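Enquirer: Quick one: this structure, given as structure tokens, is what I'll be asking you about.
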Amino acid sequence: MNPPVRPESVVTGSVDGLLDGLNYPFFQAVWDRKSRRVGLGMEITSGPLAYRSPYEPVPLSELEEALLLAAATGLTGLNLADIDPTQGADALVQWTTRTWPSSCSNHGTELFFTNDDGTYFLDMWGLIPEPGEISTLSGKPIEAQVEWIQDLTRRAKVQIQDSRAQLPTGLPGLFVFNHWNANQPGTTLFLPVSNMTLEYINLLFIYLSPEYRFSIVDEQAGYGSAGLGKWIASGRVDEARQMGMIDLEQRVLSMQVVEQAFICHNVNLALQCLGLGGWTFTGYIARFVLGGVDVPGLGFRFADAARGPSVPVGCDGVFEAFTPPYYANMRDAVDAFLEVKWSQYESNIPKAYKAPDSVITHIHRPDDETIELVKDYCQYVHDTYGRFPAYIDPMYQRLTCQAQHVDLDFYEEHYPPGAVTGQHQGHFHRWHPELTGADGRPPRRD
């Protein structure tokens, strides 16, 4: 990492706004959190709040966007993994930490985003702290934090389209009350997507381990065994300790959706600190967002299922689920998952401990029987339903968050004081003085 630099040399013209944002009190950000949907250049065409913004839409600066990305899902350091390594530490998938908690540090949710310049994937999975760096940002001076955040986002950004994502602009892919402001010019739209297969397969190695011995049953097959009959007969699986496939997949779904919520909430709190507008919403139908209907969306691949519609399996070469067609079958997919997971345990991957080898040697990998159990179950699901998972999409998208510059005139016209904060009122001239007019307002339409 390069030596620390002064903020002025990183973000000329926005030093005051940057310092305001980084020093804004946390609890005040919590109290300030509100959805502020009206941005520069937007228009509400009818009703008692009808309004046409007199201003040009102004996109976020690179630094504003980088701060939001880092808040959303930034790499914060190393997982302390402060548990007995003989009692469940083998469930950990990664040793890094993000700005949000993840079950078993699997970090199965990654962030896509789009703005006026293009559509991007933030590839955080392979990034690790420097050797001996347990925290990437904590305890460092602001100058070093700013440089690190900008470097992180530049390294992680993968451009997948050279224009703003073509997402639904009307029914049925987008709720009617989001038609006028979602994904508009000047906005940055954040779209977290969860790889459900990562958490699912990892969870199976817990529930099918010698300690748990769950018998997973298929509710649609009369509660018969989900491919584990021979293991019940041998006594390796406890037939009386049943868990349904639907119950199991609901557990996976809840674990992953909360990751999307954490990411969006982090962005929301950061919006308050920076004095930006925006909100979290569920107006998009995921199939449209990922590209499975009549708009390109994020360009995901969809695979046919034995029944029902096709399912999103991944963004080729960028973010792929552990499932066919990326693998010949689910047995190969499980092998690929194991390779990815256990590569994180190699000595070249940093851990938080002072003596990592003395801890890692106590963490045992799954035995051959458990691996075969997981493979048998996964293959049963895919053979039976023509997809994996059976009931939830392999790649799942639910929550969306948008950031934009607030149109102060709208809130002054329709609301009493308090609808916006001093951060919003002072944002433009503190972050974008070169664009601020003599009246202290943003650039106006011609």
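Enquirer: Going toward the positive end of the dipole of the chain, with +1 on Lys and Arg Cβ and -1 on Asp and Glu Cβ, which of 47, 342, 96 do you reach last?
Expert: 47
Enquirer: If I compute solvent accessible area with a 1.4 Å probe over the protein chains, what percent of it on segment 45-143 is carbon and sulfur?
Expert: Looking at segment 45-143 in its full context, I get 54 percent from C and S.
Enquirer: Let me cross-check residue 331: its accessible surface, 1.4 Å probe, with only protein heavy atoms counted, in Å² to the nearest 10?
Expert: Answer for residue 331: close to 70 Å² accessible.
Enquirer: Another question about this same structure. Give, in nm to one decimal, the length gained when the segment between residue 445 and residue 138 is fully stretched (0.36 nm per residue of separation minus the Cα-Cα distance).
Expert: 106.3 nm
Enquirer: Here is a further query. Between residue 159 and residue 27, what is the FRET efficiency for a Förster distance of 30 Å, r being their Cβ-Cβ separation, to the nearest 0.05?
Expert: With R0 = 30 Å, the Cβ-Cβ based efficiency is 0.20.
Enquirer: Have a look at 168, 192, 366 and tell me which one the Gaussian network model of the chain (Cα, springs below 10 Å) gives the largest fluctuation.
Expert: Most flexible of the set in this elastic network: 366.
Enquirer: Got the relative contact order for segment 64-155 handy, in percent, Cα pairs under 8 Å and 6 or more residues apart? Mind showing how you got there, number by number?
Expert: Numbers: 99 pairs, mean separation 29.9, N = 92.
It comes to 32 percent, rounded to a whole number.
Enquirer: Going by Cβ distance under 4.7 Å, what cysteines of the chain have no possible disulfide partner?
Expert: Lacking a cysteine Cβ partner under 4.7 Å: 104, 273, 315, 378.
Enquirer: Something else now. Put 383, 316, 409 in order of accessible area, largest first, 1.4 Å probe: what do you get?
Expert: Listed by decreasing accessible area, they come as 383, 316, 409.
Enquirer: Next question. May I ask you to give the percent of accessible area on segment 294-335 that is carbon plus sulfur, with a probe radius of 1.4 Å?
Expert: That fraction is 46 percent.
Enquirer: As an exercise, use a Förster radius of 51 Å and the Cβ-Cβ distance of residue 414 and residue 236 to find the FRET efficiency, rounded to the nearest 0.05. List each step's numbers first, then the result.
Expert: On the way: r = 66 Å, r/R0 = 1.29.
My answer for the efficiency is 0.20.
Enquirer: Here's a follow-up. Considering only protein heavy atoms, what is the solvent-accessible area of residue 365 at a probe of 1.4 Å, reported in Å² to the nearest 10?
Expert: The accessible area of residue 365 comes to roughly 130 Å².
Enquirer: A further question on this structure: Take every Cα pair under 8 Å in segment 368-443 that's 6+ residues apart, average their separations, divide by the length, and report that relative contact order as a whole percent.
Expert: 12
Enquirer: What list of ³J(HN,Hα) couplings, whole Hz, do you get for segment 390-401 from phi and the Karplus terms 6.51, -1.76, 1.60, once you set θ to phi - 60° and write x for glycine and proline?
Expert: So the Karplus estimates, Gly and Pro as x, are 7, 10, 10, 5, x, 10, 10, 10, 10, 9, 9, 9 Hz.
Enquirer: Of all alpha-carbon pairs in segment 318-446, indicate the percentage at a distance above 24 angstrom.
Expert: 62
Enquirer: Residues with amide H under 5 Å of residue 303's amide H, sequence separation 5 or more or different chain, H placed in the peptide plane at 1.01 Å from N; which?
Expert: So residue 303 has HN proximity to 311, 313.
Enquirer: Separate question: Take each uninterrupted DSSP H stretch in the chain, measure its Cα extent along the helix axis, and return the ones at 24 Å or beyond whose mean Kyte-Doolittle hydropathy is at least 0.5.
Expert: 245-274
Enquirer: Next up: Taking only the alpha-carbon positions of segment 1-155 and ignoring solvent, what does the Debye formula give for the base-10 log of I(q)/I(0) at q = 0.20 Å⁻¹?
Expert: Result of the Debye calculation: -1.41.
Enquirer: Can you give the accessible area of residue 160 in Å² (nearest 10), computed on protein heavy atoms with a 1.4 Å probe?
Expert: In the full protein context, residue 160 sits at about 50 Å².
Enquirer: Number of Lys-Lys pairs in the chain under 29 Å by Cα, sequence gap 8 or more or different chains?
Expert: Close lysine pairs found across the chain: 11.
Enquirer: Moving on. Counting only heavy atoms of protein chains, what accessible area per residue, in Å², does segment 181-263 have with a probe of 1.4 Å?
Expert: 35
Enquirer: Continuing with the same structure: Using a 1.4 angstrom probe, figure out how much accessible area segment 26-140 has per residue, in square angstrom, rounded to the nearest whole. Don't jump to the answer; show the numbers that get you there.
Expert: Numbers: 4610 Å² over 115 residues.
Value for segment 26-140: 40 Å² per residue.
Enquirer: Hey, what does the equivalent ellipsoid look like for segment 291-393, semi-axes from the Cα gyration tensor as sqrt of 5 times each eigenvalue, largest first, whole Å?
Expert: 33, 19, 9
Enquirer: List the residues of segment 251-293 whose backbone N lies under 13 Å from a point placed 7 Å from the Cα of residue 206 along the Cα-to-Cβ direction.
Expert: Residues passing the 13 Å test: 251-256.
Enquirer: Next up: For residue 438 and residue 51, what is the calculated FRET efficiency with R₀ set at 25 Å and r taken between the beta-carbons, to the nearest 0.05?
Expert: 0.60
Enquirer: Below 8 Å, C-alpha to C-alpha, sequence gap of six or more: please give me the relative contact order for the chain in percent.
Expert: Relative contact order comes out at 25 percent.
Enquirer: Once you have the Kirkwood Rh of the chain from its Cα pairs, apply Stokes-Einstein at 4 °C and 1.567 mPa s and quote D in µm²/s.
Expert: In µm²/s, the coefficient rounds to 55.
Enquirer: Residues of segment 287-446: accessible area per residue at 1.4 Å, in Å²?
Expert: Numbers: 7330 Å² over 160 residues.
Per-residue accessible area for segment 287-446 comes out at 46 Å².
Enquirer: Can you list residues whose amide H is under 5 Å from residue 133's amide H, if they're 5+ apart or on another chain and H is modeled 1.01 Å from N?
Expert: So residue 133 has HN proximity to no qualifying residue.
The values are calculated or read from the model by the stated rules, or taken from the named source; none is laboratory data. It should be emphasised that the depicted structure is a prediction, and the values quoted were computed from it without experimental measurement. In this analysis, Cβ positions are derived from the backbone assuming ideal geometry, glycine residues included, and neighbour counts consider all displayed protein chains. For the accessible areas, the whole protein counts, side chains as well, though only heavy atoms, and no ligand, DNA or RNA atoms are used. Shrake-Rupley method; radii C 1.70, N 1.55, O 1.52, S 1.80 Å.
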